[in-house]
Amino acid sequence: MDIADARTEMELLALAQSGDRRAFGQLVRLHHGRVAACAHQLLGASAEVDDAVQESFIRAWRALPRFDGRAKLSTWLYRICVNVCLNRMRGNRRHAAADVDDPKLPEPVADAESSGVDPLRALEQAQLYGRVGAALDALSPSLRSAVVLVLLQGMSHKDAGDALGCAEGTVAWRIHEARRRLRDLLGDLVEPEALAAGGGA
Amino acid sequence: MTQASTTRRARLDALLDQGGLEQASAADRAWLTAERARDAGFDREVAALLRAEAHLREWGGQHTVAGQGPDEALAGIFAGLDAGLFDDGLELDGTPQFADGEGDVVGLAARAAASPVTVAAEAPAAAAATVVPLQAKPRPTLLRDGRFMQLLAAAAAVVLVVTAGLSAVSTSSPDSSEGAAARQPSAPHPRAQPCPAPPRRPRRPPCW
């Protein structure tokens with residue numbers, strides 16, 4: 001079978017496992033978006049996101065012969081991405097605190113009339129994202145990984161468990177615990193009394 | 001926390017996990033409305049959780065795209081493969097190793113990298129995993145527990161006794177005064193003493 005004949009992911013995978021780089025390139029195109037999002041959400045506003053995505057796929061290529069198809073390819077790629085990002089996060093806890101400076105976030109605009117963007121709203125949004133990023137960064141890596149996979153990437157507990165190598169119940173506990181801590185960490189942004197007193201976030 | 005509140009919170013979590021209130025069934029929404037009306041504390045908790053969830057999803061929506069698009073990333077990936085990038089033996093397709101529940105991440109290396117010293121310094125668990133096979137490698141039986149030295153001492157003692165015995169037999173004769181003197185209690189045969197075991201030195205691991 002040639003890559004021109006490969007129509008399904010499984011066929012592309014079989015070709016890639018036999019060393020066909022073009023087939024692997026197709027797989028990269030199929031999964032780049034979700035791996036990039038996962039890396040971005042795990043690493044926050046880190047400049048390492050692009051490097052982490054590339055490393056994930058390079059390591060995936062090298063590990064392809066070991067992929068046995070028991071898990072979904074996407075789940076397996078998530079696992080590699082989580083491992084790559086955890087390695088990069090280790091000893092590098094600075095990224096999310098700098099979230100306000102993320103170049104991808106909308107910046108406060110001085111000239112509201114010419115841009116059509118409310119500068120106050122943009123500033124509030126940037127501050128909100130900074131707070132959320134810092135709260136996520138305060139979670140332990142296991143909780144943060146579960147939050148990213150389940151709440152942001154929309155994975156089921158089972159798939160997230162496959163990616164993280166733990167039971168569904170463990171994923172459920174981590175999500176439950178992460179929600180509780182995020183609520184505490186975001187405090188005044190989410191508590192009704194604080195919102196009523198401060199006029200809301 | 002009571003059993004009832006635990007069950008209630010678990011149902012709320014499940015509801016949130018399955019896409020939030022927008023995706024919830026009519027029955028789930030009715031249940032949640034009734035519970036919030038019945039318990040002001042739960043109502044506040046739900047309100048806070050929903051806001052936190054909304055902020056989180058909004059943040060997540062902003063953090064979905066890497067700087068590079070797929071084609072640019074692909075060019076970098078192939079260049080990295082050609083350059084042998086990350087060809088360090090780390091197998092990152094294995095289960096992520098969280099040291100926590102809470103704490104920091106420790107080693108993710110399933111086996112030694114090309115530079116094991118670096119890995120050991122950065123990841124104690126990985127280093128331990130790397131060292132274990134060496135420690136577990138069985139040593140040759142004779143070298144285990146210092147038995148070789150004991151065996152050597154015993155063999156030396158046997159050789160001394162036999163040598164002394166043969167020497168005594170060859171130099172003595174029943175008629176000679178030497179032999180008679182040799183049999184006198186006042187002139188006992190030199191008796192071979194067992195060779196004392198050499199002092200034990202700290203064992204070093206074998207060099208292979």
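The values are calculated or read from the model by the stated rules, or taken from the named source; none is laboratory data. Here the structure is a predicted model, which means the values were calculated and not measured. Please note: Cβ atoms are built from the backbone with ideal geometry, for glycine as well, and neighbour counts cover all protein chains shown. These area figures cover heavy atoms from the full protein model, side chains too; ligands, DNA and RNA do not enter into them. Shrake-Rupley method; radii C 1.70, N 1.55, O 1.52, S 1.80 Å.
Observations on the model:
- The test for being modelled with pLDDT under 90, in a helix (DSSP H, G or I) and within 11 Å of another protein chain (Cβ to nearest Cβ) holds for residue B:6.
- Residue selected from the stretch A:140-158 under the condition assigned to a helix (DSSP H, G or I) and in contact (Cβ under 8 Å) with a residue 60 or more places away in the chain, by the criterion nearest to the chain's Cα centre (by Cα): A:148
- Qualifying residue in the stretch A:150-162 (condition: more than 8 Å from every other protein chain (Cβ to nearest Cβ), in contact with a His (Cβ under 8 Å, 6 or more places away or on another chain) and open to solvent by 10 Å² or more (accessible area, probe 1.4 Å)): no
- Segments classed as helices (runs of 4 or more DSSP H), wholly inside the stretch A:17-89, with at least 3 members that are of a type outside the set (Asp, Glu), more than 15 Å from residue B:77 (Cα to Cα) and facing chain B (nearest Cβ under 9 Å): A:21-43, A:73-89
- The number of residues in the stretch B:22-38 that are open to solvent by 50 Å² or more (accessible area, probe 1.4 Å) and either over 24 Å from residue A:144 (Cβ atoms) or acidic (Asp, Glu) (or both) comes to 11.
- Condition met for residue A:140 (within 7 Å of chain B (Cβ to nearest Cβ), on the phi < 0 side of the Ramachandran plot and out of contact with any Leu (no Cβ under 9 Å at 6 or more places or on another chain)): yes
- Only one of the listed residues (B:72, B:91, B:53) is surrounded by 14 or more Cβ atoms within 10 Å (Cβ to Cβ) and in a loop (DSSP other than H, G, I, E, B). That residue is B:91.
- Test: residue in the stretch B:27-45 that is within 7 Å of chain A (Cβ to nearest Cβ) and either in contact with a Pro (Cβ under 9 Å, 6 or more places away or on another chain) or under 20 Å from residue A:132 (Cα atoms) (or both): yes
- Every residue from the stretch A:170-187 that is more than 9 Å from chain B (Cβ to nearest Cβ), open to solvent by 50 Å² or more (accessible area, probe 1.4 Å) and touching a residue at least 12 places away in the same chain (Cβ under 8 Å): A:181
- Selection within the stretch A:38-62 - open to solvent by less than 10 Å² (accessible area, probe 1.4 Å), among the small types (Gly, Ala, Ser) and in contact (Cβ under 8 Å) with a residue 24 or more places away in the chain: A:39, A:44, A:52, A:56
- Check on residue A:17, open to solvent by 40 Å² or more (accessible area, probe 1.4 Å) and at pLDDT 95 or above: yes
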